[in-house]
Amino acid sequence: MAEEFDVITVGAGPGGYVAAIRAAQLGLKSACVEAEALGGVCLNWGCIPNGVLLYYADFVSRLRNHARDFGLTFEGLETDYAAAVARSRVVVQRLTRGVGGLFKKYGVTHIRGYGRLTDPHTVEVNGTTYRAKHVILATGATWNRLADVGVEGDEDGERVVAYRDAVVQKEAPGSVVVVGGGIIGVEFSYTYCAYGASVTLIEQSSQLLPRFDDEVAAALEGTFHKQGIRVRTGTALKKVERVGEKVRVTVTPAGGGEAETLEADRVLLAIGVKANSRGLGLEAIGVEMDRWGNIIVDEAMRTSVPHIYAVGDVTGKRPFASVAIHMALAAVDAIAGHPHKPLDYRMIPRIAYCNPQAASVGYTEEELRERGIPYKAGRYPLIANGKALGRGEADGFVKVLSSAGGEEMLGMHAFAPEAGELMAEFSIARELEALPAELARAVHPHPTISEAISEAAMASVGLPLSF
């Protein structure tokens, strides 16, 4: 007889392991199928190790470019990129062990291997079958390859790499072409530049970070130019070829035009992801997907087969660990019969962790204009913020968007030190349905960067204070 569970989760990334643990916490017999390391891409090869590399890059950049501003002088600065990578793996291993410890603590059964559905209630792993009252699919996504976007060339994991290869490589390139100006592309560009690489960043859209506020994107591009990163927006990739120890990249203007050839030691591909939905047996049991292979879900994360759920990147929703986690909580609450407020995907914070950090949440001004929604924008420049001036990082700003009558906060956008930390305040305010005027009146500690939120909110209701 196949072992039976209340919930089997397939995949142990941020959505999968959270779902498995929460199900066990609620008294459900829970199992999680995972062939690789617990924690998935985010913990092992994505945001966690990359965050460590970004922290080191920020430290190196400060020493290289601003040491004299803080009274530091030295000769012959030497950097060890391999040490940063080694530290990132230590952090990864500790967190991976932590997930395993939580599985043991709450009684989650870890089934090692790749799972597939052989019928609506049966998951097969390495030839062994397991029965489940409910299944949660959390298989994530993988990076787009050159062939996926119609570009000639192949990845070799050494000179032409995606993020999973790049985050464990022990040497920074002397020169690199980064393809894709989304979050992954701009973060690696910043890291490589800090370690002395010659960086060219190409993006097919008209701005970096295409889904971010355009003022934030423009500020980031300007800062990258100052740092020496060559940004090429409106540029399409056509061909990538390995030539000895170099890589040759052919690009054209996105609207068509004369081809140009770039050459570098390495090419990093950051051109989006695709759902890991193949090979799961979904078609045979009637789980609906869109034409890109994303699993279609409702507000409770149910698929077209009511007792089968899907969470995280495999659904094609916002590809962030924070989203996967809250989708997982929604799915388990639905299984357990608990109420759960639907996720508002528009209000998910988006952050690029370079320095200054670029962050956006909610509507952008461009989106509000396109929809004909009347609004007010309150903008606060960090040149008026004592903490930012003291840190020598006063080039940024915080912007709050509110409805024209001040009844609702519509968005917040920032280009600032630790902008990612600022976004949580907007999320809490939205959850509590706070008004812009209430955010403005909230007492913020002084001196902090967070004061910029209060100041921008004051400006959005027509009462700017410090500028």
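Here are the numbers for the structure shown:
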| read-out | value |
| --- | --- |
| Alpha-carbon radius of gyration plus Dmax, which is the widest Cα pair, for the stretch 199-238 in Å | 9.8, 29 |
| Mean accessible surface per residue for the chain, computed with a 1.4 Å probe while every protein chain stays in place, in Å² | 45 |
| Area accessible to solvent at Cys47, 1.4 Å probe radius, in Å² | 70 |
| Calculated P(r) tail over 17 Å for the stretch 18-105, as whole % of Cα pairs | 61 |
| Rounded accessible area of Thr128 (nearest 10 Å², 1.4 Å probe) | 60 |
| Virtual spin-label span in nm between His338 and Arg145, 7 Å along Cα→Cβ | 4.1 |
| Distance cut-off 11 Å, percentage of C-alpha pairs in the stretch 27-76 lying past it | 76 |
| Glu158 versus His225: modelled label distance in nm, points set 7 Å from Cα along the beta carbon direction | 3.8 |
| Alpha-carbon centroids, the stretch 38-89 and the stretch 405-450: separation in whole Å | 29 |
| Principal semi-axes in Å for the stretch 103-143 [√(5λ), Cα gyration tensor, largest first] | 17, 16, 11 |
| Protein-only accessible surface order, largest first, of Val18, Val135 at 1.4 Å | Val18, Val135 |
| Pairwise label distance in nanometres, His444 with Leu465, each label 7 Å out on the Cα-Cβ vector | 0.9 |
| Histogram of C-alpha separations across the stretch 117-196, 10 Å bin width, % | 13, 35, 18, 20, 13, 1 |
| Semi-axis lengths, Å, the stretch 203-263, gyration tensor of Cα atoms, sqrt of 5 times eigenvalues | 25, 15, 9 |
| Residue among Gln207, His121, Ala275 farthest towards the positive dipole end of the chain, charges placed on Cβ | His121 |
| Sorted largest first, extent of the stretch 174-231 alpha carbons per principal axis (Å) | 31, 20, 14 |
| Rg/Rg_ref, the stretch 381-467, where Rg_ref = 2.2 N^0.38 Å and atoms are Cα | 1.00 |
| Sulfur and carbon atoms: percent of accessible area, the stretch 68-199 [1.4 Å] | 47 |
| Whole-number Å³ per residue for the convex hull built on Cα positions in the stretch 321-420 | 134 |
| Links that overshoot a 30 Å alpha carbon limit, given the list Lys29/Lys170; Lys29/Lys317; Lys246/Lys317; Lys104/Lys133; Lys104/Lys170 | Lys29/Lys170; Lys246/Lys317; Lys104/Lys170 |
| Shape metrics for the chain, restricted to C-alpha atoms - Rg then Dmax, Å | 23.4, 72 |
| Antiparallel bridge percentage (DSSP; both residues within the chain; nearest 5) | 60 |
| Chymotrypsin sites (Phe, Trp or Tyr not before Pro) within the stretch 261-356, DSSP loop, no more than 13 other Cβ atoms inside 10 Å | Trp292 |
| Mean separation of Cα contacts under 8 Å (6+ apart) over length of the chain, as relative contact order % | 14 |
| The stretch 1-159 - Kirkwood radius from inverse mean 1/r over Cα pairs (Å) | 18.5 |
| More than 27 Å apart - percent of Cα-Cα pairs taken over the stretch 198-324 | 43 |
| The stretch 140-277 - Rg (one decimal) and Dmax (whole number), Cα, Å | 14.0, 42 |
| Descending semi-axes in Å of the stretch 288-346, equivalent ellipsoid built from Cα gyration tensor | 17, 14, 8 |
| Carbon plus sulfur fraction of accessible area for the stretch 347-419, probe 1.4 Å, in percent | 48 |
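The values are calculated or read from the model by the stated rules, or taken from the named source; none is laboratory data. Just so it is clear, the model here is predicted, and its values are computed rather than measured. Cβ sites come from the backbone with ideal geometry, for glycine too, and all protein chains shown count toward neighbours. Just so you know, the surface numbers come from the protein's heavy atoms only, side chains and all, with ligands and any DNA or RNA stripped out. Shrake-Rupley method; radii C 1.70, N 1.55, O 1.52, S 1.80 Å.
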